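K.L.:
Encoded as structure tokens, here's the structure I'll be asking about.
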Amino acid sequence: MTTTRFRFLFTFFFLLLLLSPAISPARAASKNLILATTTSTQDSGLLDLLIPLFEKESGLMVKTIAVGSGQAMKMGEKGEADVLLVHSPDAEKKFMTGEFGINRRLVMHNDFILVGPTTDPAKIRGMKQSTVAFKQIAATGALFLSRGDNSGTHAKEKGLWNGAGINPEGQKWYQQTGLGMGQTLNVAAEKKGYTLADRGTYLAMKKSLGMEILVEGEPLLLNIYHVIEVNPLKWPKVNGAGARAFAEFMISKKVQDLIGKFGAEKYGAPLFFPDAGKKPETLGL
């Protein structure tokens with residue numbers, strides 16, 4: 001073989017290897033999936049059940065980043081996540097309008113609850129309207145712990161304060177933790193204050209908190225979770241196939257059945273209710 005021909009073949013195979021899709025960075029990363037989700041799915045223990053099952057079935061390795069829903073969507077807007085599992089409907093709609101996500105699908109729901117110390121210094125126990133309870137907390141100056149983290153729970157809380165006609169910002173009785181749901185519940189328990197929580201996380205932590213559910217069951221407190229695939233047309237490095245596989249996994253009958261049973265044996269009631277295929281307005285809470 002001549003030197004010239006050898007060099008040609010070497011260069012040809014080198015370029016073929018370099019340009020091969022099989023080893024390109026995007027393809028090399030295709031076995032990895034970044035899930036940006038709310039802390040409630042992590043703190044409740046639900047993901048500890050579902051992620052290993054998904055990894056086994058799909059062959060993908062999932063990196064879970066549990067932050068507030070707002071932060072999760074910010075990651076999606078920057079192409080820093082492949083798929084989102086979030087619960088902040090108004091923010092989700094803006095996310096979809098900006099074409100950052102595709103295929104927003106309903107997964108499950110639970111509800112928000114107003115919890116506080118057993119002494120209930122603001123005397124809100126059993127109130128039927130959360131906004132009235134918020135007014136009472138403000139009027140008595142009872143300590144309220146806010147997540148303050150732009151999460152779905154924080155967005156709901158701000159909406160309730162707005163509905164009560166109160167701006168709590170800067171008030172001595174209103175403190176923001178900047179933490180996730182589980183940590184905020186711990187702070188509220190330690191300081192004997194009130195906070196808004198999702199039922200799933202509260203039930204999962206109830207034994208260690210020494211706090212009670214004081215206001216619950218209002219339709220306004222519905223807490224809906226959607227799975228959203230980050231738009232691969234906007235961010236080509238996103239693992240679109242993996243995101244689609246995860247979304248379909250979450251709405252599959254097998255997983256919906258698991259969601260419906262999760263926590264029932266341990267806590268006496270499921271922490272979430274499966275809703276794949278339904279419309280939010282039909283949930284009836």
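The values are calculated or read from the model by the stated rules, or taken from the named source; none is laboratory data. Since the model is a prediction, treat every value here as computed from it, not as a measurement. Methodologically, a virtual Cβ is constructed for each residue, glycine included, from the backbone with ideal geometry; neighbour enumeration extends over all protein chains shown.
K.L.:
Within segment 134-147, identify whether any single residue is assigned by TED's automatic domain parsing to the domain that holds residue 207 and touching a residue at least 60 places away in the same chain (Cβ under 8 Å), and answer yes or no. Quick ask: steps written out before the conclusion?
P.N.:
Step one: filter segment 134-147 for residues assigned by TED's automatic domain parsing to the domain that holds residue 207, giving 134-147.
Within this subset, residues satisfying the condition of being touching a residue at least 60 places away in the same chain (Cβ under 8 Å) are 147.
Within segment 134-147, one or more residues are assigned by TED's automatic domain parsing to the domain that holds residue 207 and touching a residue at least 60 places away in the same chain (Cβ under 8 Å).
K.L.:
OK, next. What is the residue count in segment 55-66 for residues that are within 13 Å of residue 34 (Cα to Cα) and touching a residue at least 12 places away in the same chain (Cβ under 8 Å)? Explain how you work it out, then say what you get.
P.N.:
Our first condition is that a residue be within 13 Å of residue 34 (Cα to Cα); within segment 55-66, this holds for 55, 60-66.
Narrowing the set further to residues that are touching a residue at least 12 places away in the same chain (Cβ under 8 Å) leaves 60-66.
Number satisfying all stated conditions: 7.
K.L.:
Residue under question is residue 232, and the condition is that it be under 24 Å from residue 154 (Cα atoms), outside the structural domain of residue 144 (by TED's automatic domain parsing), over 17 Å from the mean Cα position of the chain (by Cα) and surrounded by fewer than 23 Cβ atoms within 10 Å (Cβ to Cβ); does it hold? Working first, answer last.
P.N.:
Details: under 24 Å from residue 154 (Cα atoms): no; outside the structural domain of residue 144 (by TED's automatic domain parsing): yes; over 17 Å from the mean Cα position of the chain (by Cα): yes; surrounded by fewer than 23 Cβ atoms within 10 Å (Cβ to Cβ): yes.
For residue 232, the condition - under 24 Å from residue 154 (Cα atoms), outside the structural domain of residue 144 (by TED's automatic domain parsing), over 17 Å from the mean Cα position of the chain (by Cα) and surrounded by fewer than 23 Cβ atoms within 10 Å (Cβ to Cβ) - is not met.
K.L.:
Those residues that are touching a helix residue (DSSP H, G or I) at 6+ places or on another chain (Cβ under 9 Å) and either modelled with pLDDT of 95 or more or in a strand (DSSP E or B) (or both), I need them from segment 184-207; list them, please.
P.N.:
Of everything in segment 184-207, those that are touching a helix residue (DSSP H, G or I) at 6+ places or on another chain (Cβ under 9 Å) and either modelled with pLDDT of 95 or more or in a strand (DSSP E or B) (or both) turn out to be 184, 185, 186, 188, 189, 193, 194, 195, 196, 197, 198.
K.L.:
Looking only at segment 56-79, count every residue that is of a type outside the set (Lys, Arg), under 23 Å from residue 182 (Cβ atoms) and out of contact with any Phe, Trp or Tyr (no Cβ under 6 Å at 6 or more places or on another chain) and tell me the total.
P.N.:
The number of residues fulfilling the criteria is 11.
K.L.:
Here's another thing I want to ask about it. Tell me, yes or no, whether segment 163-173 has at least one residue that is over 22 Å from the mean Cα position of the chain (by Cα), of a type in the set (Lys, Arg) and either assigned to a helix (DSSP H, G or I) or farther than 20 Å from residue 86 by Cβ (or both).
P.N.:
Step one: filter segment 163-173 for residues over 22 Å from the mean Cα position of the chain (by Cα), giving 163-173.
Of the ones still in play, those that are also of a type in the set (Lys, Arg) are 172.
Narrowing further to those that are either assigned to a helix (DSSP H, G or I) or farther than 20 Å from residue 86 by Cβ (or both): 172.
Yes, the conditions are met somewhere in segment 163-173.
K.L.:
To continue, here is another question. What number of residues within segment 240-269 are in contact (Cβ under 8 Å) with a residue 60 or more places away in the chain, surrounded by fewer than 21 Cβ atoms within 10 Å (Cβ to Cβ) and either outside any helix (DSSP H, G or I) or charged (D, E, K, R) (or both)?
P.N.:
Matching residues across segment 240-269 total 3.
K.L.:
Is segment 53-66 home to any residue that is under 17 Å from residue 201 (Cβ atoms) and polar (S, T, N, Q)?
P.N.:
So far as segment 53-66 goes, yes, one or more of its residues are under 17 Å from residue 201 (Cβ atoms) and polar (S, T, N, Q).
K.L.:
Report the residue count in segment 129-145 for those that are in contact with an Asp or Glu (Cβ under 7 Å, 6 or more places away or on another chain) and surrounded by fewer than 23 Cβ atoms within 10 Å (Cβ to Cβ). Don't jump to the end; show me each part of the working.
P.N.:
Here is the first cut: in segment 129-145, the residues in contact with an Asp or Glu (Cβ under 7 Å, 6 or more places away or on another chain) are 129-130.
Narrowing the set further to residues that are surrounded by fewer than 23 Cβ atoms within 10 Å (Cβ to Cβ) leaves 129.
Adding up the residues that qualify gives 1.
K.L.:
Assess whether residue 123 counts as being more than 21 Å from residue 74 (Cα to Cα) and assigned to a loop (DSSP other than H, G, I, E, B).
P.N.:
Values: more than 21 Å from residue 74 (Cα to Cα): yes; assigned to a loop (DSSP other than H, G, I, E, B): yes.
Spelling it out, residue 123 is indeed more than 21 Å from residue 74 (Cα to Cα) and assigned to a loop (DSSP other than H, G, I, E, B).
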